[in-house]
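Colleague: This structure is in C-alpha coordinates; I'll ask about it shortly.
The values are calculated or read from the model by the stated rules, or taken from the named source; none is laboratory data. The shown structure was predicted, so the numbers you read here are calculated from the model rather than taken from an experiment. No Cβ is skipped: glycine too gets one built from the backbone with ideal geometry, and neighbour counts run over all protein chains shown. For accessibility, only protein heavy atoms count, side chains too; no ligands or nucleic acids. Shrake-Rupley method; radii C 1.70, N 1.55, O 1.52, S 1.80 Å.
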Number of protein chains: 2
Amino acid sequence: MTDATGGPPEPARTATPPDRRPGGRTARVRTQVLEAVRAELGEHGYEGLTMEGVAARAGVHRTTVYRRWEDVGGLLADVLDAAGEDDWEPADTGSLRGDLTALNDEIQESLVVRPSIPQALMAASFRSARAADAQQRLWEDRYARCEVIVERAVERGELPSHTDARRLLIASTAPLYHQLVLLRTAPDPRMSAQAATTTTLAAAAGAFDRPAAV
Amino acid sequence: MTDATGGPPEPARTATPPDRRPGGRTARVRTQVLEAVRAELGEHGYEGLTMEGVAARAGVHRTTVYRRWEDVGGLLADVLDAAGEDDWEPADTGSLRGDLTALNDEIQESLVVRPSIPQALMAASFRSARAADAQQRLWEDRYARCEVIVERAVERGELPSHTDARRLLIASTAPLYHQLVLLRTAPDPRMSAQAATTTTLAAAAGAFDRPAAV
(Lines give C-alpha, C1' and ligand atoms only; values in the text may rest on other atoms or scores of the structure.)
Protein backbone atom coordinates (compact mmCIF):
# COMPACT_ATOMS: atom_id res chain seq x y z
CA MET A 1 0.00 0.00 0.00
CA THR A 2 2.73 2.43 0.91
CA ASP A 3 4.51 2.37 -2.42
CA ALA A 4 1.37 3.09 -4.42
CA THR A 5 0.25 6.00 -2.26
CA GLY A 6 3.34 7.33 -0.54
CA GLY A 7 3.95 10.75 -2.03
CA PRO A 8 7.48 11.85 -2.79
CA PRO A 9 9.30 13.71 -0.03
CA GLU A 10 8.91 17.47 0.05
CA PRO A 11 11.80 18.52 -2.27
CA ALA A 12 10.58 16.37 -5.16
CA ARG A 13 7.06 17.78 -5.00
CA THR A 14 7.24 20.36 -7.78
CA ALA A 15 9.30 18.10 -10.00
CA THR A 16 6.82 15.21 -9.88
CA PRO A 17 3.27 16.33 -9.06
CA PRO A 18 1.75 13.43 -7.18
CA ASP A 19 -1.79 14.08 -8.29
CA ARG A 20 -1.23 13.67 -12.02
CA ARG A 21 -4.16 11.24 -12.37
CA PRO A 22 -6.87 13.06 -10.41
CA GLY A 23 -9.62 10.52 -10.98
CA GLY A 24 -7.51 7.62 -9.87
CA ARG A 25 -4.74 8.11 -7.40
CA THR A 26 -6.12 11.34 -5.91
CA ALA A 27 -9.47 9.76 -5.15
CA ARG A 28 -7.81 6.61 -3.79
CA VAL A 29 -5.54 8.60 -1.50
CA ARG A 30 -8.51 10.59 -0.23
CA THR A 31 -10.47 7.41 0.50
CA GLN A 32 -7.55 5.91 2.40
CA VAL A 33 -6.82 9.06 4.35
CA LEU A 34 -10.44 9.73 5.34
CA GLU A 35 -10.88 6.11 6.36
CA ALA A 36 -7.78 6.48 8.53
CA VAL A 37 -9.17 9.69 10.10
CA ARG A 38 -12.40 7.91 11.02
CA ALA A 39 -10.51 4.94 12.44
CA GLU A 40 -8.13 7.12 14.49
CA LEU A 41 -11.02 9.27 15.68
CA GLY A 42 -12.95 6.18 16.74
CA GLU A 43 -9.99 4.74 18.61
CA HIS A 44 -8.42 7.83 20.15
CA GLY A 45 -10.89 10.69 19.73
CA TYR A 46 -9.86 14.18 18.70
CA GLU A 47 -7.11 14.19 21.33
CA GLY A 48 -5.24 11.40 19.62
CA LEU A 49 -5.78 12.60 16.06
CA THR A 50 -2.51 13.68 14.44
CA MET A 51 -1.41 14.25 10.87
CA GLU A 52 1.39 11.74 11.40
CA GLY A 53 -0.92 9.06 12.83
CA VAL A 54 -3.36 9.47 9.96
CA ALA A 55 -0.58 9.36 7.35
CA ALA A 56 0.92 6.23 8.89
CA ARG A 57 -2.41 4.46 9.16
CA ALA A 58 -3.40 5.40 5.62
CA GLY A 59 -0.01 4.36 4.27
CA VAL A 60 0.34 7.80 2.71
CA HIS A 61 3.38 10.02 2.99
CA ARG A 62 2.91 12.71 5.60
CA THR A 63 3.87 15.50 3.21
CA THR A 64 0.94 14.48 1.02
CA VAL A 65 -1.41 14.74 3.99
CA TYR A 66 -0.04 18.13 5.04
CA ARG A 67 -0.15 19.48 1.48
CA ARG A 68 -3.70 18.44 0.83
CA TRP A 69 -5.42 18.82 4.22
CA GLU A 70 -3.12 21.33 6.00
CA ASP A 71 -4.10 20.37 9.52
CA VAL A 72 -6.35 18.18 11.65
CA GLY A 73 -9.21 20.63 11.13
CA GLY A 74 -8.86 20.16 7.38
CA LEU A 75 -9.00 16.38 7.77
CA LEU A 76 -12.13 16.58 9.92
CA ALA A 77 -13.81 19.01 7.53
CA ASP A 78 -13.16 16.66 4.63
CA VAL A 79 -14.54 13.66 6.55
CA LEU A 80 -17.71 15.67 7.16
CA ASP A 81 -17.91 16.85 3.56
CA ALA A 82 -17.38 13.28 2.36
CA ALA A 83 -20.23 12.14 4.61
CA GLY A 84 -22.52 14.43 2.63
CA GLU A 85 -21.44 12.95 -0.71
CA ASP A 86 -23.54 9.79 -0.36
CA ASP A 87 -27.01 9.24 -1.79
CA TRP A 88 -28.70 8.79 1.57
CA GLU A 89 -32.38 9.53 1.76
CA PRO A 90 -34.90 8.95 4.54
CA ALA A 91 -36.94 5.74 4.51
CA ASP A 92 -40.43 5.91 3.00
CA THR A 93 -42.67 3.95 5.37
CA GLY A 94 -46.02 5.31 4.22
CA SER A 95 -46.83 7.51 7.21
CA LEU A 96 -45.42 10.62 8.88
CA ARG A 97 -45.08 8.87 12.21
CA GLY A 98 -43.39 5.88 10.58
CA ASP A 99 -40.96 8.03 8.60
CA LEU A 100 -40.00 10.10 11.66
CA THR A 101 -39.55 6.95 13.76
CA ALA A 102 -37.33 5.35 11.10
CA LEU A 103 -35.25 8.53 10.90
CA ASN A 104 -34.88 8.63 14.68
CA ASP A 105 -33.93 4.96 14.74
CA GLU A 106 -31.13 5.70 12.29
CA ILE A 107 -29.98 8.68 14.34
CA GLN A 108 -30.09 6.72 17.59
CA GLU A 109 -28.14 3.86 16.06
CA SER A 110 -25.42 6.18 14.79
CA LEU A 111 -25.08 7.85 18.18
CA VAL A 112 -25.05 4.80 20.46
CA VAL A 113 -22.67 2.57 18.48
CA ARG A 114 -19.18 2.59 20.05
CA PRO A 115 -17.12 4.19 18.76
CA SER A 116 -19.63 6.65 17.31
CA ILE A 117 -17.97 8.65 14.54
CA PRO A 118 -20.86 11.20 14.43
CA GLN A 119 -20.41 11.78 18.19
CA ALA A 120 -16.64 12.16 17.75
CA LEU A 121 -17.16 14.63 14.88
CA MET A 122 -19.64 16.70 16.91
CA ALA A 123 -17.15 16.81 19.78
CA ALA A 124 -14.36 17.78 17.37
CA SER A 125 -16.44 20.57 15.86
CA PHE A 126 -16.12 22.40 19.19
CA ARG A 127 -12.36 22.41 18.64
CA SER A 128 -11.92 23.38 15.03
CA ALA A 129 -13.64 26.19 13.17
CA ARG A 130 -13.17 24.33 9.86
CA ALA A 131 -14.78 21.21 11.30
CA ALA A 132 -17.60 23.33 12.75
CA ASP A 133 -18.30 24.87 9.33
CA ALA A 134 -18.28 21.48 7.65
CA GLN A 135 -20.50 20.01 10.38
CA GLN A 136 -22.97 22.83 9.79
CA ARG A 137 -22.98 22.14 6.02
CA LEU A 138 -23.64 18.46 6.73
CA TRP A 139 -26.52 19.18 9.13
CA GLU A 140 -28.04 21.57 6.59
CA ASP A 141 -27.78 18.98 3.82
CA ARG A 142 -29.24 16.21 5.98
CA TYR A 143 -32.20 18.26 7.18
CA ALA A 144 -32.84 19.47 3.62
CA ARG A 145 -32.94 15.85 2.39
CA CYS A 146 -35.39 14.98 5.20
CA GLU A 147 -37.89 17.60 4.08
CA VAL A 148 -39.27 15.00 1.65
CA ILE A 149 -40.78 13.31 4.73
CA VAL A 150 -42.98 16.36 5.23
CA GLU A 151 -43.67 16.72 1.50
CA ARG A 152 -44.93 13.15 1.34
CA ALA A 153 -47.12 13.71 4.41
CA VAL A 154 -48.58 16.81 2.76
CA GLU A 155 -49.28 14.81 -0.41
CA ARG A 156 -51.00 12.11 1.64
CA GLY A 157 -53.13 14.76 3.32
CA GLU A 158 -51.59 14.12 6.74
CA LEU A 159 -50.29 17.68 7.02
CA PRO A 160 -51.43 21.06 5.71
CA SER A 161 -49.40 22.41 2.79
CA HIS A 162 -48.20 25.36 4.84
CA THR A 163 -46.26 23.20 7.28
CA ASP A 164 -42.85 24.42 8.47
CA ALA A 165 -40.91 21.29 7.51
CA ARG A 166 -37.64 22.26 9.13
CA ARG A 167 -39.22 23.11 12.46
CA LEU A 168 -41.14 19.84 12.45
CA LEU A 169 -37.98 17.85 11.71
CA ILE A 170 -36.02 19.64 14.43
CA ALA A 171 -38.79 18.97 16.97
CA SER A 172 -38.73 15.28 16.10
CA THR A 173 -34.97 14.74 16.09
CA ALA A 174 -33.79 17.19 18.77
CA PRO A 175 -34.72 15.03 21.80
CA LEU A 176 -32.45 12.25 20.53
CA TYR A 177 -29.44 14.50 20.01
CA HIS A 178 -30.09 16.34 23.26
CA GLN A 179 -30.31 13.17 25.33
CA LEU A 180 -27.63 11.09 23.62
CA VAL A 181 -25.03 13.79 22.93
CA LEU A 182 -25.47 16.50 25.57
CA LEU A 183 -27.35 14.91 28.50
CA ARG A 184 -25.59 11.55 27.95
CA THR A 185 -28.64 9.64 29.19
CA ALA A 186 -28.73 5.89 28.66
CA PRO A 187 -30.16 4.92 25.27
CA ASP A 188 -33.83 3.98 25.45
CA PRO A 189 -35.30 1.94 22.58
CA ARG A 190 -38.63 3.78 22.99
CA MET A 191 -37.04 7.19 22.48
CA SER A 192 -37.28 7.22 18.66
CA ALA A 193 -40.96 6.39 18.47
CA GLN A 194 -41.87 8.64 21.40
CA ALA A 195 -40.29 11.71 19.81
CA ALA A 196 -41.88 10.85 16.45
CA THR A 197 -45.31 10.39 18.06
CA THR A 198 -45.03 13.63 20.03
CA THR A 199 -44.18 15.50 16.84
CA THR A 200 -46.98 13.86 14.86
CA LEU A 201 -49.53 14.76 17.56
CA ALA A 202 -48.24 18.32 17.73
CA ALA A 203 -48.37 18.58 13.93
CA ALA A 204 -51.98 17.38 13.89
CA ALA A 205 -52.78 20.11 16.43
CA GLY A 206 -51.28 22.74 14.12
CA ALA A 207 -47.96 23.28 15.91
CA PHE A 208 -45.96 23.62 12.71
CA ASP A 209 -48.49 25.55 10.62
CA ARG A 210 -47.26 28.80 9.21
CA PRO A 211 -49.20 31.51 7.47
CA ALA A 212 -49.85 30.46 3.86
CA ALA A 213 -47.86 32.45 1.31
CA VAL A 214 -49.99 35.12 -0.37
CA MET B 1 -5.53 39.98 46.79
CA THR B 2 -2.49 37.80 46.31
CA ASP B 3 -1.23 38.02 49.89
CA ALA B 4 -4.56 37.01 51.41
CA THR B 5 -5.06 34.03 49.13
CA GLY B 6 -1.63 32.92 47.99
CA GLY B 7 -1.05 29.53 49.57
CA PRO B 8 2.38 28.67 50.92
CA PRO B 9 4.76 27.01 48.47
CA GLU B 10 4.70 23.22 48.28
CA PRO B 11 7.36 22.39 50.94
CA ALA B 12 5.55 24.34 53.67
CA ARG B 13 2.27 22.57 53.03
CA THR B 14 2.35 19.94 55.77
CA ALA B 15 3.78 22.35 58.32
CA THR B 16 1.06 25.00 57.81
CA PRO B 17 -2.23 23.59 56.49
CA PRO B 18 -3.67 26.38 54.36
CA ASP B 19 -7.30 25.43 54.92
CA ARG B 20 -7.34 25.83 58.69
CA ARG B 21 -10.46 28.05 58.60
CA PRO B 22 -12.72 26.06 56.28
CA GLY B 23 -15.71 28.36 56.43
CA GLY B 24 -13.73 31.47 55.67
CA ARG B 25 -10.57 31.29 53.65
CA THR B 26 -11.41 27.99 51.97
CA ALA B 27 -14.73 29.27 50.71
CA ARG B 28 -13.18 32.56 49.62
CA VAL B 29 -10.41 30.83 47.70
CA ARG B 30 -12.96 28.61 45.98
CA THR B 31 -15.07 31.61 44.96
CA GLN B 32 -12.04 33.39 43.53
CA VAL B 33 -10.74 30.32 41.70
CA LEU B 34 -14.09 29.37 40.18
CA GLU B 35 -14.67 32.95 39.09
CA ALA B 36 -11.25 32.86 37.42
CA VAL B 37 -12.10 29.58 35.67
CA ARG B 38 -15.29 31.08 34.25
CA ALA B 39 -13.46 34.22 33.14
CA GLU B 40 -10.61 32.26 31.49
CA LEU B 41 -13.10 29.89 29.87
CA GLY B 42 -15.09 32.82 28.52
CA GLU B 43 -12.01 34.51 27.12
CA HIS B 44 -9.95 31.59 25.84
CA GLY B 45 -12.22 28.52 25.89
CA TYR B 46 -11.06 25.13 27.08
CA GLU B 47 -7.94 25.39 24.92
CA GLY B 48 -6.61 28.30 26.88
CA LEU B 49 -7.58 27.04 30.32
CA THR B 50 -4.53 26.21 32.42
CA MET B 51 -3.96 25.68 36.13
CA GLU B 52 -1.34 28.45 36.04
CA GLY B 53 -3.60 30.92 34.25
CA VAL B 54 -6.43 30.29 36.71
CA ALA B 55 -4.12 30.62 39.73
CA ALA B 56 -2.65 33.87 38.44
CA ARG B 57 -6.05 35.36 37.63
CA ALA B 58 -7.49 34.29 40.98
CA GLY B 59 -4.45 35.59 42.85
CA VAL B 60 -4.06 32.18 44.44
CA HIS B 61 -0.82 30.21 44.66
CA ARG B 62 -0.65 27.53 42.00
CA THR B 63 0.17 24.80 44.52
CA THR B 64 -3.15 25.53 46.23
CA VAL B 65 -4.98 25.12 42.94
CA TYR B 66 -3.16 21.87 42.12
CA ARG B 67 -3.70 20.47 45.62
CA ARG B 68 -7.39 21.19 45.73
CA TRP B 69 -8.52 20.73 42.11
CA GLU B 70 -5.77 18.45 40.73
CA ASP B 71 -6.26 19.36 37.08
CA VAL B 72 -8.35 21.37 34.62
CA GLY B 73 -11.03 18.67 34.71
CA GLY B 74 -11.31 19.15 38.47
CA LEU B 75 -11.71 22.89 38.03
CA LEU B 76 -14.43 22.45 35.42
CA ALA B 77 -16.25 19.87 37.53
CA ASP B 78 -16.26 22.24 40.50
CA VAL B 79 -17.59 25.13 38.38
CA LEU B 80 -20.42 22.85 37.29
CA ASP B 81 -21.09 21.62 40.82
CA ALA B 82 -21.07 25.22 42.08
CA ALA B 83 -23.62 26.15 39.40
CA GLY B 84 -25.99 23.66 41.01
CA GLU B 85 -25.59 25.19 44.47
CA ASP B 86 -27.86 28.14 43.77
CA ASP B 87 -31.55 28.39 44.64
CA TRP B 88 -32.73 28.72 41.04
CA GLU B 89 -36.25 27.67 40.28
CA PRO B 90 -38.34 28.05 37.14
CA ALA B 91 -40.63 31.06 36.84
CA ASP B 92 -44.29 30.58 37.77
CA THR B 93 -46.29 32.37 35.07
CA GLY B 94 -49.64 30.72 35.70
CA SER B 95 -49.79 28.47 32.61
CA LEU B 96 -47.87 25.52 31.21
CA ARG B 97 -47.16 27.32 27.97
CA GLY B 98 -46.01 30.43 29.83
CA ASP B 99 -43.74 28.47 32.17
CA LEU B 100 -42.16 26.54 29.30
CA THR B 101 -41.65 29.71 27.28
CA ALA B 102 -40.03 31.48 30.24
CA LEU B 103 -37.74 28.49 30.80
CA ASN B 104 -36.76 28.45 27.13
CA ASP B 105 -36.14 32.20 27.19
CA GLU B 106 -33.69 31.68 30.05
CA ILE B 107 -31.98 28.82 28.23
CA GLN B 108 -31.76 30.79 24.99
CA GLU B 109 -30.33 33.80 26.78
CA SER B 110 -27.64 31.72 28.49
CA LEU B 111 -26.64 30.11 25.19
CA VAL B 112 -26.53 33.16 22.94
CA VAL B 113 -24.68 35.56 25.26
CA ARG B 114 -21.02 35.86 24.26
CA PRO B 115 -19.03 34.45 25.85
CA SER B 116 -21.52 31.76 26.91
CA ILE B 117 -20.15 29.89 29.91
CA PRO B 118 -22.77 27.10 29.58
CA GLN B 119 -21.71 26.59 25.94
CA ALA B 120 -18.04 26.53 26.96
CA LEU B 121 -18.77 24.01 29.72
CA MET B 122 -20.70 21.75 27.35
CA ALA B 123 -17.80 21.87 24.90
CA ALA B 124 -15.36 21.13 27.72
CA SER B 125 -17.39 18.16 28.90
CA PHE B 126 -16.39 16.39 25.67
CA ARG B 127 -12.77 16.69 26.81
CA SER B 128 -12.83 15.73 30.45
CA ALA B 129 -14.58 12.76 32.04
CA ARG B 130 -14.78 14.63 35.36
CA ALA B 131 -16.42 17.61 33.68
CA ALA B 132 -18.79 15.27 31.82
CA ASP B 133 -19.89 13.65 35.09
CA ALA B 134 -20.42 17.02 36.73
CA GLN B 135 -22.30 18.31 33.68
CA GLN B 136 -24.57 15.29 33.90
CA ARG B 137 -25.24 15.95 37.61
CA LEU B 138 -26.09 19.56 36.80
CA TRP B 139 -28.50 18.62 33.98
CA GLU B 140 -30.17 16.08 36.27
CA ASP B 141 -30.57 18.66 39.03
CA ARG B 142 -31.92 21.32 36.66
CA TYR B 143 -34.47 19.03 35.02
CA ALA B 144 -35.56 17.75 38.45
CA ARG B 145 -36.16 21.33 39.60
CA CYS B 146 -38.19 22.00 36.45
CA GLU B 147 -40.60 19.17 37.18
CA VAL B 148 -42.57 21.62 39.33
CA ILE B 149 -43.72 23.20 36.06
CA VAL B 150 -45.55 19.97 35.22
CA GLU B 151 -46.78 19.52 38.81
CA ARG B 152 -48.36 22.96 38.75
CA ALA B 153 -49.97 22.25 35.37
CA VAL B 154 -51.41 19.01 36.78
CA GLU B 155 -52.76 20.92 39.81
CA ARG B 156 -54.37 23.48 37.50
CA GLY B 157 -55.97 20.67 35.52
CA GLU B 158 -53.97 21.48 32.38
CA LEU B 159 -52.34 18.04 32.31
CA PRO B 160 -53.39 14.56 33.46
CA SER B 161 -51.73 13.37 36.67
CA HIS B 162 -49.95 10.55 34.87
CA THR B 163 -47.85 12.90 32.73
CA ASP B 164 -44.21 11.99 32.11
CA ALA B 165 -42.72 15.27 33.34
CA ARG B 166 -39.17 14.60 32.26
CA ARG B 167 -40.10 13.64 28.73
CA LEU B 168 -42.28 16.73 28.41
CA LEU B 169 -39.46 18.97 29.63
CA ILE B 170 -36.95 17.37 27.26
CA ALA B 171 -39.33 17.83 24.31
CA SER B 172 -39.74 21.50 25.16
CA THR B 173 -36.08 22.37 25.76
CA ALA B 174 -34.28 20.06 23.31
CA PRO B 175 -34.92 22.14 20.16
CA LEU B 176 -33.11 25.10 21.74
CA TYR B 177 -30.05 23.12 22.74
CA HIS B 178 -30.00 21.25 19.45
CA GLN B 179 -30.16 24.40 17.34
CA LEU B 180 -27.98 26.70 19.42
CA VAL B 181 -25.30 24.22 20.54
CA LEU B 182 -25.08 21.51 17.88
CA LEU B 183 -26.61 22.96 14.70
CA ARG B 184 -25.25 26.45 15.47
CA THR B 185 -28.22 28.10 13.77
CA ALA B 186 -28.74 31.81 14.26
CA PRO B 187 -30.76 32.63 17.38
CA ASP B 188 -34.42 33.25 16.62
CA PRO B 189 -36.50 35.15 19.19
CA ARG B 190 -39.54 33.02 18.29
CA MET B 191 -37.78 29.74 19.07
CA SER B 192 -38.60 29.68 22.81
CA ALA B 193 -42.33 30.19 22.41
CA GLN B 194 -42.56 27.88 19.38
CA ALA B 195 -40.99 24.95 21.22
CA ALA B 196 -43.17 25.65 24.28
CA THR B 197 -46.32 25.81 22.16
CA THR B 198 -45.45 22.63 20.27
CA THR B 199 -44.96 20.82 23.56
CA THR B 200 -48.16 22.19 25.07
CA LEU B 201 -50.17 21.10 22.01
CA ALA B 202 -48.55 17.65 22.06
CA ALA B 203 -49.27 17.35 25.80
CA ALA B 204 -52.93 18.25 25.27
CA ALA B 205 -53.07 15.47 22.65
CA GLY B 206 -51.74 12.97 25.19
CA ALA B 207 -48.14 12.73 23.94
CA PHE B 208 -46.66 12.55 27.43
CA ASP B 209 -49.30 10.39 29.11
CA ARG B 210 -48.02 7.24 30.72
CA PRO B 211 -49.99 4.36 32.17
CA ALA B 212 -51.26 5.35 35.61
CA ALA B 213 -49.55 3.50 38.46
CA VAL B 214 -51.70 0.65 39.79
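Colleague: Compute the signed sum of charges (Lys and Arg +1, Asp and Glu -1) over the other residues within less than 11 Å, Cβ to Cβ, of B:A134.
Modeller: -3
Colleague: What's the average, rounded to a whole number, of partner chain beta-carbon atoms within 10 Å of each residue's beta-carbon in B:199-208? Walk me through the numbers on the way to the answer.
Modeller: Numbers: counts 4, 3, 9, 11, 4, 3, 9, 3, 9, 3.
Mean shielding by partner chains, rounded to a whole number: 6.
Colleague: When chain B is treated as a GNM, springs tying every alpha-carbon pair under 10 Å, which of B:L75, B:L41, B:L183 comes out with the largest mean-square fluctuation?
Modeller: B:L183
Colleague: Ratio to report: Rg/Rh of chain B, with Cα atoms as the point set and Rh obtained by the Kirkwood method; give two decimals. Show your work: numbers first, answer last.
Modeller: Details: Rg = 21.0 Å, Rh = 19.4 Å.
Using only Cα positions, Rg/Rh for chain B is 1.08.
Colleague: Roughly how many debye, to the nearest 20, is the charge dipole of chain A about its Cα centre, given +1 on each Lys and Arg Cβ, -1 on each Asp and Glu Cβ, and no other charges?
Modeller: Details: 25 positive and 31 negative charges, 96 e Å.
I would put it at about 460 debye.
Colleague: Taking a probe of 1.4 Å and counting only protein heavy atoms, give the total accessible area buried between chains B and A in Å², rounded to the nearest 100.
Modeller: Working: alone 11340 and 11310 Å², together 19760 Å².
It comes to approximately 2900 Å² buried between B and A.
Colleague: Top mean-square fluctuation among A:V79, A:V113, A:V148, Gaussian network model of chain A, C-alpha springs under 10 Å?
Modeller: With Cα springs under 10 Å in chain A, the top fluctuation among A:V79, A:V113, A:V148 is at A:V113.
Colleague: HN-Hα J couplings of segment A:40-47 from phi, Karplus 6.51/-1.76/1.60, θ = phi - 60°, integer Hz, Gly and Pro as x?
Modeller: Result, ordered by residue: 5, 5, x, 7, 10, x, 4, 3 Hz.
Colleague: Moving on to the next point. Can you tell me, using C-alpha contacts under 8 Å and at least 6 residues apart, the relative contact order of chain B as a whole percent? Please list the in-between numbers first.
Modeller: Details: 233 pairs, mean separation 42.4, N = 214.
The normalised contact order for chain B reaches 20 percent.
Colleague: In whole Hz and in residue order, list the ³J(HN,Hα) couplings for segment B:53-62 that follow from phi through the Karplus curve 6.51 cos²θ - 1.76 cosθ + 1.60, θ = phi - 60°; x for Gly and Pro.
Modeller: Once rounded to whole Hz, the list reads x, 5, 4, 5, 5, 6, x, 10, 5, 4.
Colleague: Another question, if that's okay. How far is A:R145 from itself in the other copies, in nm, if each label sits 7 Å out from Cα along the Cα-Cβ line, shortest first?
Modeller: Listed shortest first, these distances are 4.1 nm.
Colleague: Next question. Go ahead and estimate [θ] at 222 nm for chain A from helices alone: -39,500 (n - 2.57) per DSSP H run with n ≥ 4, summed, over the residue count, rounded to 500.
Modeller: Numbers: 10 runs with 129 residues, N = 214.
Calculated from helices alone, the mean residue ellipticity at 222 nm is -19000 deg cm²/dmol.
Colleague: In debye to the nearest 20, how big a dipole does segment A:96-204 give about its Cα centre with +1 on each Lys and Arg Cβ and -1 on each Asp and Glu Cβ? If you can, show how the numbers build up before the last one.
Modeller: Values: 13 positive and 13 negative charges, 74 e Å.
I would put it at about 360 debye.
Colleague: Here is a follow-up. I need the phi-derived Karplus couplings for segment A:118-128: 6.51 cos²θ - 1.76 cosθ + 1.60, θ = phi - 60°, integer Hz, Gly and Pro marked x.
Modeller: x, 4, 5, 5, 4, 4, 5, 6, 7, 9, 10
Colleague: Looking only at Cα atoms, what is the convex hull volume of segment A:26-75 per residue, in Å³? Don't jump to the answer; show the numbers that get you there.
Modeller: Working: hull volume 2.9 nm³, N = 50.
Looking at segment A:26-75, the number lands at 57 Å³ per residue.
Colleague: Taking a point 7 Å out from Cα toward Cβ as the label site, list the nm distances between B:E106 and the same residue in every other copy, smallest first.
Modeller: 3.7
Colleague: Here's a follow-up. Write out the trypsin sites (Lys or Arg not before Pro) in segment A:74-166 meeting two conditions: DSSP loop, and at most 12 other Cβ atoms within 10 Å of their Cβ.
Modeller: Numbers: sites: A:R97, A:R127, A:R130, A:R137, A:R142, A:R145, A:R152, A:R156, A:R166; in loops: A:R127, A:R156.
Counting only loop positions with at most 12 other Cβ atoms within 10 Å, the trypsin sites (Lys or Arg not before Pro) in segment A:74-166 are A:R156.
Colleague: Percent of accessible area on the protein assembly as shown owned by carbon and sulfur, 1.4 Å probe?
Modeller: On the way: 10730 of 19760 Å².
After summing per-atom areas, the C and S share lands at 54 percent.
Colleague: In bins 5 Å wide, starting from 0, what share of all Cα pairs of segment A:96-204 does each bin hold, as a percent?
Modeller: Taking every Cα pair in segment A:96-204, the percentages come to 2, 12, 21, 22, 19, 13, 7, 3, 0.
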